[in-house]
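The values are calculated or read from the model by the stated rules, or taken from the named source; none is laboratory data. For clarity, every value in this text was computed on a predicted model and none was experimentally measured. For neighbour counting, all protein chains shown are included, and Cβ atoms are generated from backbone atoms with ideal geometry for every residue, glycine included. Just so you know, the surface numbers come from the protein's heavy atoms only, side chains and all, with ligands and any DNA or RNA stripped out. Shrake-Rupley method; radii C 1.70, N 1.55, O 1.52, S 1.80 Å.
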Amino acid sequence: RDSRKADETVGGAIARHAESVNGAMIVMSSTGRDRSAAVLGSVADDVLRAMLGPIVVVGPEVEEFESFAGDIVVPVDGSDFSETSLPLAAAWGIAFDATPWIVEVLTEPVPAGADVFETSYPNRLARELQESSHHDVEFDVLHGPSAARAISDYALHNKASLIVMSTHGRSGLSRLSVGSTSAAVVRSAVCPVVLHRPPHFALD
């Protein structure tokens, strides 16, 4: 290979090639199961660090995948960062004639009678995304001590074809390149996960 790239990782080379091909999309499997820096597997981890834009990761629990005909689960957590995945989910929903479901996970108990309050945030996002995309968008609120497990279980029970979520693409030995929740979703989901690294949130 090019001597200028002698120190480049396999993941970095894959990312560089994908970015040189107009319209290319990276789809890769992951066997990462532990809580190390290689939580997605070292190559997938390197790809995410090296490029901007989405990659499709097929985790270890995905046994069969036939089509993108199912709905799309889009987790949000109240941050601007998590909401950057919404336009991408809408675009994929239009392309595959699928319905994006914006879901928020509440890990703490909610007082009785707070149903309207707890749904206000995902309801607002769904309404705004539907108006801007002219495509059906739904929402739901999930409960459970583990956000990743709640998201994965919801995707399983609703036969979703994809989970689309923003994730940190941070480099540096002291930081995971993938957020802990998104990494845990990849490990447990039975459908592919689209990890989106927003360019203006990327930190080196």
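Listed here are the residues, each with its yes/no results for (1) in a loop (DSSP other than H, G, I, E, B); (2) among the aromatic types (Phe, Trp, Tyr); (3) touching a residue at least 60 places away in the same chain (Cβ under 8 Å).
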| site | (1), (2), (3) |
| --- | --- |
| Glu63 | yes, no, yes |
| Val74 | no, no, yes |
| Ala89 | no, no, yes |
| Gly93 | no, no, no |
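Yes or no: Thr107 within 30 Å of Glu131 (Cα to Cα), more than 18 Å from the chain's Cα centre (by Cα) and modelled with pLDDT of 80 or more?
Criteria met by Thr107.
For the list (1) in contact with a helix residue (DSSP H, G or I) (Cβ under 6 Å, 6 or more places away or on another chain); (2) within 22 Å of Ile55 (Cα to Cα); (3) not hydroxyl-bearing (Ser, Thr, Tyr), I need the number of the one condition that Leu142 fails.
For Leu142, the exception is condition (2).
Which is open to solvent by less than 80 Å² (accessible area, probe 1.4 Å), over 17 Å from the mean Cα position of the chain (by Cα), farther than 30 Å from Pro122 by Cβ and modelled with pLDDT of 80 or more, of Ala13, Ala18, Ala37?
One residue alone meets the criteria, Ala13.
Residues are listed down the side, and each one gets a yes or a no for (1) out of contact with any strand residue (DSSP E or B) (no Cβ under 8 Å at 6 or more places or on another chain); (2) closer than 23 Å to Asn22 by Cβ:
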| position | (1), (2) |
| --- | --- |
| Arg49 | yes, yes |
| Glu63 | yes, no |
| Ser79 | yes, no |
| Ser85 | no, yes |
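Taking Asp140 as meeting all but one of (1) surrounded by fewer than 18 Cβ atoms within 10 Å (Cβ to Cβ); (2) at pLDDT below 95, write down the number of the exception.
(2)
Tally up the residues in the stretch 159-181 that are at pLDDT 85 or above and in contact with a strand residue (DSSP E or B) (Cβ under 6 Å, 6 or more places away or on another chain), please.
Residues meeting the conditions: 6.
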